[in-house]
1. Only one of Ser320, Ser294, Ser362 is surrounded by fewer than 22 Cβ atoms within 10 Å (Cβ to Cβ), at pLDDT below 95 and in a strand (DSSP E or B). Can you tell me which?
2. Would you be able to say whether some residue in the range 125-146 is open to solvent by 20 Å² or more (accessible area, probe 1.4 Å), small (Gly, Ala, Ser), farther than 26 Å from Ala379 by Cβ and in contact (Cβ under 8 Å) with a residue 40 or more places away in the chain?
3. Within the range 189-208, can you find the residues that are open to solvent by 50 Å² or more (accessible area, probe 1.4 Å) and not acidic (Asp, Glu)?
4. Can you confirm whether Glu299 is assigned to a loop (DSSP other than H, G, I, E, B) and touching a residue at least 12 places away in the same chain (Cβ under 8 Å)?
5. Quick test of your reading of the structure: Tyr175 fulfils all but one of (1) in contact with an Asp or Glu (Cβ under 9 Å, 6 or more places away or on another chain); (2) in contact (Cβ under 8 Å) with a residue 12 or more places away in the chain; (3) surrounded by 12 or more Cβ atoms within 10 Å (Cβ to Cβ). Name the failing condition by number.
6. Report every pair of residues separated by at least 6 positions or lying on different chains whose Cβ atoms are under 8 Å apart, first residue within the range 7-32 and in contact (Cβ under 8 Å) with a residue 24 or more places away in the chain, second open to solvent by 50 Å² or more (accessible area, probe 1.4 Å) and of a type in the set (Lys, Arg).
Amino acid sequence: MTTPKLSKEQTLIINSIMDWFKSPKKQYITLGGYAGTGKTTILASVAKVLRRERKEIDIAYCSYTGKASRVLERKLKDYNAISSSDYIGTIHRLIYKAVVDEKGNIIGWERIPQPEFKYSLIVVDEASMVTEDIWNDLLSYDVPIVAVGDHGQLPPIKSSFNLMANPELKLERIYRQEADNPIIRISQIVREGGDIPFGDFGENIKKLDKRDESTKNEIVDIFGNFDDSTMILCGYNASRNRLNSEIRALRFDSPSPCCGDRVICLKNNRNMNIYNGMTGTIQAILKEKTKGYSYYQTEILLDFEKEPFIGKISIEQFNSPTFTDQRVGDINYFDFGYALTVHKAQGSQSKRVVLFDERFKSMDDDTYARWLYTAVTRAEKELYIIA
């Protein structure tokens, strides 16, 4: 795919990024863009302009999660905008390297020294997910950084640090090629504070009444055919636990985690190369006990990661409505990952999204609109809103 004809707004954004790159007044620039405004088109165009002017430039495209980086990679490849010398993957793969013992076992991770960093430009996608400590590590390489995200989404949980709080450059006009996309149309309705009406918006894109018997049958069919291309979203942790149980009941006899179970990481552990929001599948699991506490010894194949996570995880965390930090030993924290809260789904996309529309009593109109907008824009092809 060649890069489409650019709008006036997009051309101005590209010129601004190029002017900054040639004479940066500060190390980074932030670009916010709503869904359908052409953020990837901008990145592809910038890469092509840079290569015309500089010939040789190595760009590191990175995201907080593996899934987000794979989505970006697919889109950039469609525009033929990636060079063989570019990096595209997670932030932690870009700037951290494994520390191994004498047997070759990974025992931790450390930041790659600055002299070993070979890239001339860093592009951070889904930048609102980046934590302050990781951002400072990226800045330490003294390389220009373009931080890109959707400023219509939810801010990070329990953090005052948000790169997308007020981006310097903003894309807010829907790209004409996306204007007829029903998911984009729904996201516009939400962002502008409107109500999504019940009914069909396109093939497999609809809002359904949870009280209808036909809706219940459709949900059972989706749950029964759950796979890695399906994302179930909700608001409350209690709902997440209930939905996880309902989906697992169609697949497993045991209420305890088993081989083949989908799980999600709930807490960062940089030494183990796991981060909040990572999803994966259990490959091996065994209940063990030591020093007065029990845990699961596991091997988890994390999505889009080369090495599996091998380590201890909390037993009590599974199906818990709250985070249960035991603060003992080297315990890590996972839970069933079939259904996710919308906050946990940021940075990910799936072909099929089923959203249980749940508004917290404490949500004001703006926060609810951001919550709903974030949920809707996780869907790539199919979207079912249950209300």
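The values are calculated or read from the model by the stated rules, or taken from the named source; none is laboratory data. Treat the numbers as computed from the prediction; the structure is a model and nothing was measured. Counting neighbours? That spans all protein chains shown, and the Cβs are built from the backbone with ideal geometry, glycine included. Note: accessible area is taken over every heavy atom of the protein model, side chains too, but ligands, DNA and RNA are not part of it. Shrake-Rupley method; radii C 1.70, N 1.55, O 1.52, S 1.80 Å.
1. Answer to the selection: Ser294.
2. The answer is no, given that none of the residues of the range 125-146 is open to solvent by 20 Å² or more (accessible area, probe 1.4 Å), small (Gly, Ala, Ser), farther than 26 Å from Ala379 by Cβ and in contact (Cβ under 8 Å) with a residue 40 or more places away in the chain.
3. Step one: list which residues in the range 189-208 are open to solvent by 50 Å² or more (accessible area, probe 1.4 Å), which gives 189, 191-193, 195, 197-198, 200, 203-204.
Passing the criteria: Ile189, Arg191, Gly193, Pro197, Phe198, Asn204.
4. No; evaluated as a whole, the condition is false for this residue.
5. If we test Tyr175 against (1) in contact with an Asp or Glu (Cβ under 9 Å, 6 or more places away or on another chain); (2) in contact (Cβ under 8 Å) with a residue 12 or more places away in the chain; (3) surrounded by 12 or more Cβ atoms within 10 Å (Cβ to Cβ), just (1) comes out false.
6. Ser7/Arg173; Ser7/Arg176; Glu9/Arg173; Leu31/Lys170; Gly32/Lys170
This table checks each residue for (1) touching a Leu at 6+ places or on another chain (Cβ under 6 Å); (2) at negative phi; (3) open to solvent by less than 50 Å² (accessible area, probe 1.4 Å).
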| residue | (1), (2), (3) |
| --- | --- |
| Thr215 | yes, yes, yes |
| Ile232 | yes, yes, yes |
| Gly235 | no, yes, yes |
| Cys259 | no, yes, no |
